[in-house]
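First up is the structure itself, then whatever we jot down about it.
The values are calculated or read from the model by the stated rules, or taken from the named source; none is laboratory data. Values in this document were obtained by computation on a predicted structure and should not be read as measured data. Please note: Cβ atoms are built from the backbone with ideal geometry, for glycine as well, and neighbour counts cover all protein chains shown.
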Amino acid sequence: MKFSKKLAMAAVAALALVGTAACSNGGSNSSSSSSEKIPSKITKKTTVVFWNAMPGVQGSTLKQLTNEFEKKNPKINVKLENQGDYNDLQAKINSTLQSPNNLPTITQAYPGWLWNAAQNKMLVNMTPYINNKNVGWGSAKASGIRTELLDGAKIKGTQYGIPFNKSIETLTYNADMFKKYGIKKVPTTMDELKQVSETIYKKSNHKVVGAGFDSLSNYYTLGLKNEGVNFSDKVNFSGAASKKVINYYADGIKKGYFRVAGSEHYLSGPFANEKVAMFIGTSAGEGFVKQGVGNKFTYDVAPRPGKYTMQQGTDIYMFNHATADQKAAAFKYIKFLVSKSSQLKWANATGYIPVNESVVTSNEYKNNKSTKLPAKLEDSMKHLYSVPVSKNSNAAYQQLNSIMQNILSAAQKGQNVNSQINAGKQKFDAAWKQ
Amino acid sequence: MRSNQKKAWLFLAPTIIFVTFFSIYPILRAFVMSFQSGPLINLNWTGFSNYQYIFSDPEFWRAIRNTILYALISVPVALAISIMLAWFIFSKVKHKSFFETTFFMPYVTSTIAIGIVFRYIFNGEYGMLNFLLRALHLPAPNWIDDPSMSLTTIIIFGVWTSLAFNIVILMGALRNIDPNYYTIADMYGATGTERFWRITMPQLVPTIAFLLTMNIIAAFKIYTSVYALFNGQAGVGNSATTAVFYIYNKFQIVGTPGVAMAATVILFLIIMFVTFLQRKMMKKIGGR
C-alpha cells in the first residue's frame, strides 16, 4: 500500500518535470533580430504562413489575390490558414505565443492583441522593411498608405503592423423613409441625429425607431473623443463628460427614439425590416445591408455624425522567429496586398476601405456603383480615431460593451441609470488594472 | 493485508500515465500559475495578487453567483421533473421504447444547434414562446435581451437539456427494480402513492445520487449553452456570465492567465466542496 503510494507520487513528480521541461523549450530562441540583413531577392523556395480570420467573400478574395501574387513570384508559396472569427484568432495567437516556433510568419491582428508580444520582442519592426528599396517602398510616404492607418498599427511608437483590412463607422439610412417623413438633411452632428430620430419616431406613430449604434464600445469611445477626452486609464467613467455621453443614448432609449442591437449584435437586420430608420455601424457590413434590403427600399451611406469616426479592422503583423528569407518574402506579399491594384479589388469586393490613399481618390473606386460607400468615403474619413494601444486598453474597450448594455437596459426599463454608471465605473477601472 | 500483484501496474500504466499527464498535471500547473502574473510567454511570481484581483472584481462575483444559482435551481428541478416523467413513462405509457427514444433525442443533438433554435423560440419580438404567452394573456418578458431575465432563460434551457440523460438513466434503474416487490405490495393492497414512496424511491436512491453528482458538476461547468443561447456572448451586459466564461475570457481574450487560473482554483474548490457535501448527504439518506 505504502509502496504504491510512493510510486504514484514519483510518477506524478516525474511527469510534472517532463511537462515543464517540454514547455520551457520553446521560449528560448526569441532573440531579437532587428539588425538582420534584409535579402534583396528571394532565390530559394520560401513558404510564408498567413493566419487570417476572413470568412465568405473576404476569404475568397484574399485567396484570389494570393494566387495572383504566387504567379508573379513563383519562388514564394503563401499558405493561408483561416482560424475562425476574430475572437478565435486572438485566442489562438495568445496561446501559441508560448511556443514561438508554431507561430505563423504573419498574422492579421489588432495591435491591442499583440501588446504582450511586442513587450517580449516577438514581433518584427517593419520600418527597415518599409525603408528598404528592394522589398519595401523606400519610405513610408512612398507606400501611399494613409498616415492615420499606419499610426494605428504602431505599438508603443514602433511600426509593427501594416494596415490591411480596414473599415470605418458610417451612418446607413433609409432614404425612402427620410422622404416619407419629410427629412431633408442627413444628420451630420449628434444633435441633428437626435432631432431626426425623434421626428421619425413621432411621425411614424412610434412604429419606427430613429437610430441605433451597433458597437457600444465605439459609441462611448468616440463620444468621449468628441468631448475632447482620449481613451485611457485616466477616463473617469462617472465624470461629467462620460455621463453626458452615456445620457445622450440613455435618454433616447427611455423616450423610444434610439435602440440597441442586443444579442443580434448588428442592426442591419432590424434596418432591413424597416424597424429602425438609421444605424451607425461598420462600413464592412454594407454587403449584409445590401443583401437584407434587396428591392424593398433605397438605402444610402453618409459620414458618421460628429467629428470623429472609428477606424477599425486588423493589420498584418510579422513574428520574429521566421528566417530572413521568409520575412523578406512575407513583406513582399504584404506590399502586394496593399498595392493600388490589390486594394482596389479588395475594397470593391468586400466593403473594406482602401488603405491606399490613391485608391480612395481614384475614379475607378469612386465610380463603383454596386455599393454606396465609395462615393462617400473621402468625406467620411476626414477625422479618424482608433483605440490607443496600451496595457489592458483592449480589455477595457471590450468591457465597455457590456457596461453600456447594462446601463442602456436599465434605461429601457425606465430606471435611473446612475447606479448602473457607478457599477460600470467599478468594472471599467477593474479592467484597466488587471 | 495481501500485497497487490505487480502485474497490475502494467495494466494500469496507460491509465495512470494518461490521468497524471492530462488531469493531475494540469491541476498542479493551474495551481502554480494562479500565483503568477503577466502573459503566458513571460510569467512571473506575484503571490496572492491574482486572488486579490478576482475577489475585488464584481464580474467574478457575478459569475460565481450565477453559476451557483444555476446549479442549485436547475439541477433539483430537472431531477424532479425527470423522475416524474420517467415514472410516468414506466408505469402508465404503452410504447415505452418510442418515448424513451424521443426523450433521448436532445442528448445526441449538439447543444449549439439546440441553443440556436431556442434563441428563436425565446426571442422577445417574434419568438414562439412569447407568441403562446401572449395568446394566453400572460406577461411576455424579453427572455434574451433583458439582463434580468438571462439567468432564468439559462435555467429553463438547462432543465430542458438535462432531462434527456436523466430520464434514460432513471428508466434503466426503474427496470432493475424487482417486480416481485410490486406484486407483493399489490397483494397487501398498497396504493399507488405508497408503492412509489415505499418501493420505487428507495430503490432509486443510488441512481439519483449518481445523477445529482454528475448534474451538479456539469452545472458548475456550464458554458456551451450560454454561448449558444446568447449568440457567442455571456448574455446582454454579461448578465449570464458563468465561472467558465470568466475563466475563458481572462485566459484567452484578456491575456491574463494568472487571473484565470486563480478563478479556476476557486471553482475547483467550490465543486470539490459541493461534491463532498453531497456524498455526505447521500450516505445519510442511503445508509439509514
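Kindly indicate whether any position in region A:363-370 is more than 19 Å from A:ILE246 (Cα to Cα), in contact with a strand residue (DSSP E or B) (Cβ under 6 Å, 6 or more places away or on another chain) and crowded, with 20+ Cβ neighbours inside 10 Å.
Step one: list which residues in region A:363-370 are more than 19 Å from A:ILE246 (Cα to Cα), which gives A:363-370.
Filter again for in contact with a strand residue (DSSP E or B) (Cβ under 6 Å, 6 or more places away or on another chain), leaving none.
Checked region A:363-370: no residue is more than 19 Å from A:ILE246 (Cα to Cα), in contact with a strand residue (DSSP E or B) (Cβ under 6 Å, 6 or more places away or on another chain) and crowded, with 20+ Cβ neighbours inside 10 Å.
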Looking at (1) touching an Asp or Glu at 6+ places or on another chain (Cβ under 7 Å); (2) in a loop (DSSP other than H, G, I, E, B); (3) among the aliphatic types (A, V, I, L, M), find the lone condition where A:VAL235 falls short.
(1)
At least 2 residues that are over 23 Å from A:PRO55 (Cβ atoms) and within 20 Å of the chain's Cα centre (by Cα) in each: list the helices (runs of 4 or more DSSP H) lying fully within region A:323-383 that qualify.
A:357-360, A:373-380
Any residue at all in region B:61-79 that is within 13 Å of another protein chain (Cβ to nearest Cβ), β-branched (Val, Ile, Thr) and within 29 Å of the chain's Cα centre (by Cα)?
no
Filter region A:250-273 down to the residues that are over 15 Å from A:TYR173 (Cα atoms) and away from chain B (no Cβ under 14 Å) and list them by number.
A:ASP251, A:GLY252, A:LYS254, A:LYS255, A:GLY256
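Does B:LEU229 satisfy the criteria of being more than 23 Å from B:TYR53 (Cα to Cα), at pLDDT 90 or above and under 17 Å from the mean Cα position of the chain (by Cα)? Can you show your working first?
Details: more than 23 Å from B:TYR53 (Cα to Cα): yes; at pLDDT 90 or above: yes; under 17 Å from the mean Cα position of the chain (by Cα): yes.
Yes: the conditions hold for B:LEU229.
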Residue match in region B:97-114 (condition: more than 14 Å from chain A (Cβ to nearest Cβ) and in contact with a Gly (Cβ under 9 Å, 6 or more places away or on another chain)):
no
Out of all the residues in region A:274-284, is one or more surrounded by 17 or more Cβ atoms within 10 Å (Cβ to Cβ), over 25 Å from A:ALA410 (Cβ atoms), in contact with a Pro (Cβ under 6 Å, 6 or more places away or on another chain) and within 14 Å of chain B (Cβ to nearest Cβ)?
no
What pairs come up if the first residue lies in region A:270-295 and is closer than 16 Å to A:ASP214 by Cβ and modelled with pLDDT under 95, the second is among the aromatic types (Phe, Trp, Tyr) and assigned to a helix (DSSP H, G or I), and their beta carbons are under 7 Å apart, counting only those six or more places apart or on different chains?
A:VAL289/A:PHE271
Going through (1) free of Cβ contacts under 8 Å to residues at least 24 places away in the same chain; (2) more than 30 Å from B:MET201 (Cβ to Cβ); (3) among the charged types (D, E, K, R) one by one, B:ASP145 fails only at (1)
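Output the helices (runs of 4 or more DSSP H) that fall wholly within region B:109-224 and possess 3 or more residues being farther than 25 Å from B:PHE88 by Cβ, or say none.
Numbers: elements: B:111-122, B:128-135, B:150-176, B:179-187, B:201-220.
Fully inside region B:109-224 and qualifying: B:111-122, B:128-135, B:150-176.
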Residues that are among the β-branched types (Val, Ile, Thr), modelled with pLDDT under 95 and crowded, with 18+ Cβ neighbours inside 10 Å: does region A:315-332 have at least one?
no
Answer yes or no: is there a residue in region A:210-232 that is within 14 Å of A:ILE403 (Cβ to Cβ), touching a residue at least 40 places away in the same chain (Cβ under 8 Å) and of a type in the set (A, V, I, L, M).
yes
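Which one of A:TYR257, A:TYR266 is surrounded by 20 or more Cβ atoms within 10 Å (Cβ to Cβ) and among the hydroxyl-bearing types (Ser, Thr, Tyr)? Full working, then the answer.
On the way: A:TYR266 fails: surrounded by 20 or more Cβ atoms within 10 Å (Cβ to Cβ).
From the options A:TYR257, A:TYR266, the qualifying one is A:TYR257.
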Within region A:422-434, residues among the charged types (D, E, K, R) and at the interface with chain B (Cβ under 8 Å from one of its Cβ atoms) come out as A:LYS427, A:LYS433
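Here's the yes/no breakdown for (1) more than 14 Å from chain B (Cβ to nearest Cβ); (2) under 30 Å from A:LYS79 (Cβ atoms); (3) not β-branched (Val, Ile, Thr):
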{"residue": "A:LYS345", "(1), (2), (3)": "yes, yes, yes"}
{"residue": "A:ASN348", "(1), (2), (3)": "yes, yes, yes"}
{"residue": "A:VAL359", "(1), (2), (3)": "yes, yes, no"}
{"residue": "A:SER362", "(1), (2), (3)": "yes, no, yes"}
{"residue": "A:TYR385", "(1), (2), (3)": "yes, no, yes"}
{"residue": "A:SER390", "(1), (2), (3)": "no, no, yes"}
{"residue": "A:ASN394", "(1), (2), (3)": "no, yes, yes"}
{"residue": "A:ASN401", "(1), (2), (3)": "no, no, yes"}
{"residue": "A:GLN420", "(1), (2), (3)": "no, no, yes"}
Mind checking which helices (runs of 4 or more DSSP H) fall wholly inside region A:71-184 and carry at least 3 residues that are without any contact (Cβ under 8 Å) to a residue 12 or more places away in the chain and more than 14 Å from chain B (Cβ to nearest Cβ)?
none
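Anything in region B:225-244 that is outside any loop (DSSP other than H, G, I, E, B) and more than 17 Å from B:VAL159 (Cβ to Cβ)? List them, or say none.
B:TYR227, B:VAL236, B:GLY237, B:ASN238, B:ALA243, B:VAL244
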A:VAL387 fails exactly one of (1) within 16 Å of the chain's Cα centre (by Cα); (2) assigned to a helix (DSSP H, G or I); (3) within 27 Å of A:GLU286 (Cβ to Cβ), namely (2)
Condition first: in contact with an Asp or Glu (Cβ under 7 Å, 6 or more places away or on another chain) and buried (at least 18 other Cβ atoms within 10 Å of the Cβ). Now tell me which residues in region A:74-102 satisfy that.
A:ILE76, A:VAL78
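In region A:282-321, what residues are in a helix (DSSP H, G or I) and of a type in the set (Val, Ile, Thr)?
Of region A:282-321, the ones in a helix (DSSP H, G or I) are A:283-293.
Those that are in a helix (DSSP H, G or I) and of a type in the set (Val, Ile, Thr): A:VAL289, A:VAL293.
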Given (1) more than 11 Å from chain B (Cβ to nearest Cβ); (2) within 20 Å of the chain's Cα centre (by Cα); (3) surrounded by fewer than 20 Cβ atoms within 10 Å (Cβ to Cβ), identify the lone condition not met by A:TRP51.
(3)
